[in-house]
Amino acid sequence: MSRFFTKAAAAAIVMASALVAAACSAGSGTSPSASPGAGGRALAVGLVAEPASLDFTTTDGAAIPQALLGNVYNGLVKQDDSGKIVPDLAKSWTVSPDRKTYTFTLVDNAKFTNGAPFTAADAVFSINRVKSSWTTSLKAAMDVVQEATEVSPTQLKVVLGAPSNDWLFRMTTRIGAMFSQTGVDKLATDPVGTGPYRLGTWQRGDSITLRRNDDYWGTKPFFDQVTLKYFKDPTALNNALLTGTINIISTVQAPESLGQFTSNAKFQVIEGTTNGEVVLSFNNSKPAFKDKRFRQAIRHAIDHKALLETCFAGRGKLIGSMVPPTDPWFEDLSAATPFDRAKAKSLLQASGSAGASLRLRLPTLPYATSCGQVVKSQLEQIGLKVKIDQLEFPAAWLTTVFKNADYDLSIISHVEPRDLGAVFGNPAYYTRYGTPQLKALLAEADAGDEQTQLAKMKEAARLLSDEAAADWLFLLPSLIVADKNITGIPANAITEQFDLSRLARS
Amino acid sequence: MLLRLIGRFAVLAASLVVSSVLVFAFMAVLPGDPARVALGVNASPEAIAQLRQQFGLDRPLTTQYVDWASGLVRGDFGTSYVSKVAIGPQVADRLQVTAWLVVTAMVIALVLAVPAGTVMAARHRKLSGLFLSALSQVGVAVPAFLAGILLIVVFAVRLGWLPANGWTPPVVDPVMFAKQLALPALSLGLVQGAVLTRYVRSAVLDVLREDYLRTARAKGLRPFKALWRHGLRNAAVPVVTVLGLQLTTLLIGAVVVERVFVIPGLGSLLLDGVSNRDLLLVQGVVMLLVMAVLVVNFLVDLLYLAIDPRLRGGAR
């Protein structure tokens, strides 16, 4: 008997016709692009990394602050698009002459989404909680705080153990986020902040929807609802914008794919800068690298312009040291060690390591893979032997290169803000640099006044470049593509947050 | 009959135990420390040690295995290292998504393959049969993700008929659900259908050569009618076997297709888990997939017995 097939076929035909009907209705009726923007006050943003949890006090990674900082949480201070520290929940602040006491005057109309008012007591609680309850490594930036006290509900006093310019800057990052004393029980799923948005729904593996906080103390945002949609695959991300599923691509991962947007009048392409220095890191503890001439030979051997063309479609900026252009002490040092193959060869001879074999251990990230090929071929042209190893990122790379420093060369983008000291100021860090000379400069910069800080940081950046502590391949660009009519998009991606509050549709 | 059933069931149980040991062992030798990945760059050794302790990674492997396996038996998959959320409900959520995808793809594959394979067999010397045969060869050669990308380019980007990605649960918006399911299910279903067609064709061809079919023809039945009455049920046995095996490839194909179409199914969960070194999560998902495959094979065995009475005699 054929009942089995008859039934299966009948079920299949029903299913198939349902699919066809869906396809037809899609074709004749509304196009899919109508869905996210429906009503005019909803927006969908495409991002690349979904957070695993919403609690950045215990989970590391850039994805959580990107979604929540500035949108759900406010800090006392924040950075504007040009990198300047500006007021947020603190209206103003003063620094004592010994540069150890900061007095903040807070806004008086801020409220948490759980209904509690924001006061100086919450600020004290938030600052102390970094020291007591945070588990991520970033908490160390709060170590310098000796005491935080509530002077009045709108006055906060913070005393540092030693003068530190870096501390106020770090308060613009996630460690400066202000939490409610009565709202930290379920941070991983239910964040409570004072920001322009509150968490709506979180569809794991797909998207996070933020809803406008109608009690927001500042200027209310334009959009009632913003959906952050997560894509692992760059092609899928591009397709989502092309078909109207999203309105903005927050960061374009594959610059060679920009052509389809620049040639289309429906979209705008915005290029700004980031904090992401793509570093060709040297293992300074390896014998060959102890000779400065060897390190300089590698820098002179690399044609950075050609490299940027080949591996990042010419987008991005040559910087020559560990400072992005949005830091106050930026100087363009890209010409300090020009491409000069003959000089590279003679430096290499002088160092006594000509013909050395190097392991270039690359994380499995697209830019590292493509730049790694260029670096290999350029170093081989001065007679070095280069072997490329691919290490799965993050797990294998973190263990092998980062923890065990089992590498000669690696390529990774260091995206943390003002990270010159973190990457090169510590001999235990995987670059194994941290010379006393550099450490002294960094300490003076941190303790001094603004002018001293500026001068010493410039000196530190020049020192790194002269010493060839690493090679700086280029600075990652911030590449954003959006529907033509979206305004208020921050061009530079120099903070941990993606500011949704100023976005609007014209 | 009963003995045969018990035997099959014992094999299923033993396979489950062995595979759980293997899955656990593979995770244990995977390079990369979950605590280090969770804490990222700049983490201090103390913080990492503390987190390892919190995760229970400092205990002997046998203790970790027994904990995990006994949890599984109770239906408890443990708590994710990264998100600190119970794994069981997460996996159940994602499983629903993948199940929709796989089942729809399977139905599409069957709808394509049974008629096409039968026609190919019945007319294997005619032009129409050869044409279908060539077409299915093309289908076999195309991987599901490539089919997916092609479908996106044509139906989403060029024509704008269907969304290129995303997922809406059917209870929320059935129309949107169907639209978003269409392309990924098609890209899996077309490819699987092409593969399945080859099996249906050869199974039907075998049946066509059987004496009973010639007898049926001799009694005056027209070829397709004879096939329908007497042939298809016999052809079904090898096809059902392949169907069981194909479910496995379909699940693996779904992992890739989910990424292309940004669908929050088991595949995406698995890949995220691997890159975050969320070992318990990965173990849970892999174990579930293994279970699904083993149970499907078990069911296929049972289905044989139902379809083909001759096999039932085996346990006499």
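The values are calculated or read from the model by the stated rules, or taken from the named source; none is laboratory data. Note that the structure is a prediction, hence the values are computed from the model and not measured. Glycine gets a Cβ as well: all are built from the backbone with ideal geometry, and neighbour counts include every protein chain shown. The accessibility values were calculated without ligands, DNA or RNA, using every heavy atom of the protein model including side chains. Shrake-Rupley method; radii C 1.70, N 1.55, O 1.52, S 1.80 Å.
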Considering every residue within segment A:223-241, establish whether at least one is closer than 30 Å to A:F118 by Cα and surrounded by fewer than 21 Cβ atoms within 10 Å (Cβ to Cβ).
yes
Of all the residues that make up segment B:58-75, how many are surrounded by 17 or more Cβ atoms within 10 Å (Cβ to Cβ) and not in a helix (DSSP H, G or I)?
0
Name the residues in segment B:50-63 that are touching a residue at least 12 places away in the same chain (Cβ under 8 Å) and more than 14 Å from every other protein chain (Cβ to nearest Cβ), would you?
B:L61
When residues of segment B:27-45 are limited to those that are farther than 21 Å from A:V423 by Cβ and free of Cβ contacts under 8 Å to residues at least 12 places away in the same chain, the one farthest from the other protein chains (Cβ to nearest Cβ)
B:V29
By my count, helices (runs of 4 or more DSSP H) wholly in segment B:226-316 with at least 3 residues that are within 14 Å of chain A (Cβ to nearest Cβ) and more than 12 Å from the chain's Cα centre (by Cα) are B:232-260, B:266-275, B:279-307
Does any residue of segment B:76-85 turn out to be among the hydrophobic types (A, V, I, L, M, F, W, C) and assigned to a helix (DSSP H, G or I)?
no
Residues of segment A:156-176 being assigned to a helix (DSSP H, G or I) and open to solvent by 10 Å² or more (accessible area, probe 1.4 Å), in sequence order, are A:N165, A:D166, A:L168, A:R170, A:R174
For A:T369, only one of the following conditions fails: (1) part of a helix (DSSP H, G or I); (2) crowded, with 21+ Cβ neighbours inside 10 Å; (3) within 20 Å of the chain's Cα centre (by Cα). What is its number?
(2)
When you check B:R52 against the structure, is it in contact with an Asp or Glu (Cβ under 6 Å, 6 or more places away or on another chain) and assigned to a helix (DSSP H, G or I), yes or no?
yes
Would you be able to tell me the number of residues in segment A:352-366 that are at negative phi and open to solvent by 20 Å² or more (accessible area, probe 1.4 Å)?
9
Could you tell me which residue of segment A:379-399 is nearest to the other protein chains (Cβ to nearest Cβ), considering only residues that are closer than 14 Å to B:P34 by Cα and assigned to a helix (DSSP H, G or I)?
A:A395
Filtered residue count, segment A:70-85, keeping only those that are in a loop (DSSP other than H, G, I, E, B) and among the aliphatic types (A, V, I, L, M)
2
Within segment B:209-222, residues more than 22 Å from B:A306 (Cα to Cα) and either open to solvent by less than 70 Å² (accessible area, probe 1.4 Å) or small (G, A, S) (or both) come out as B:A216, B:A218, B:G220, B:L221
Residue under evaluation A:V423, criteria (1) surrounded by fewer than 19 Cβ atoms within 10 Å (Cβ to Cβ); (2) in a helix (DSSP H, G or I); (3) touching a residue at least 40 places away in the same chain (Cβ under 8 Å), criterion not met
(1)
Which of the residues spanning segment B:103-130 are modelled with pLDDT of 85 or more and open to solvent by 10 Å² or more (accessible area, probe 1.4 Å)?
B:V103, B:M106, B:V107, B:I108, B:L110, B:V111, B:L112, B:V114, B:P115, B:A116
Unmet criterion (only one of (1) of a type in the set (S, T, N, Q); (2) open to solvent by less than 20 Å² (accessible area, probe 1.4 Å); (3) at pLDDT below 95) for A:N404:
(2)
Taking the conditions exactly as written (under 26 Å from A:A49 (Cβ atoms) and more than 12 Å from chain A (Cβ to nearest Cβ)), does B:F24 satisfy them or not?
no
Among the residues of segment A:200-228, write down those that are part of a loop (DSSP other than H, G, I, E, B) and among the polar types (S, T, N, Q).
A:N213, A:T219
Going through A:K91, A:K131 one at a time, which residue ends up being open to solvent by 30 Å² or more (accessible area, probe 1.4 Å), of a type outside the set (G, A, S) and closer than 25 Å to A:E450 by Cα?
A:K91
What pairs can you find where one residue is in segment A:351-363 and in contact (Cβ under 8 Å) with a residue 40 or more places away in the chain, the other is part of a helix (DSSP H, G or I) and hydrophobic (A, V, I, L, M, F, W, C), and their Cβ atoms are less than 6 Å apart, with a gap of 6+ or different chains?
A:S351/A:F294; A:S353/A:A288; A:S353/A:F294; A:A356/A:A288; A:R361/A:V401; A:L362/A:A368; A:P363/A:W397
Matching residues, segment B:157-181, being on the phi < 0 side of the Ramachandran plot, facing another protein chain (nearest Cβ under 7 Å) and buried (at least 24 other Cβ atoms within 10 Å of the Cβ):
B:L162, B:P163, B:A164, B:N165, B:W167
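For segment A:177-199, what are the residues that are part of a loop (DSSP other than H, G, I, E, B), of a type in the set (A, V, I, L, M, F, W, C) and closer than 17 Å to A:A148 by Cβ?
Passing the criteria: A:M178, A:F179, A:V184.
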Provide a single number: the residues in segment A:208-238 that are closer than 20 Å to A:P196 by Cα, of a type in the set (F, W, Y) and in contact (Cβ under 8 Å) with a residue 40 or more places away in the chain.
3
Among the residues of segment A:144-155, how many are open to solvent by 60 Å² or more (accessible area, probe 1.4 Å) and either in a strand (DSSP E or B) or at pLDDT below 95 (or both)?
4
Could you tell me which residue of segment A:239-289 is nearest to the chain's Cα centre (by Cα), considering only residues that are within 13 Å of another protein chain (Cβ to nearest Cβ) and free of Cβ contacts under 8 Å to residues at least 40 places away in the same chain?
A:S257
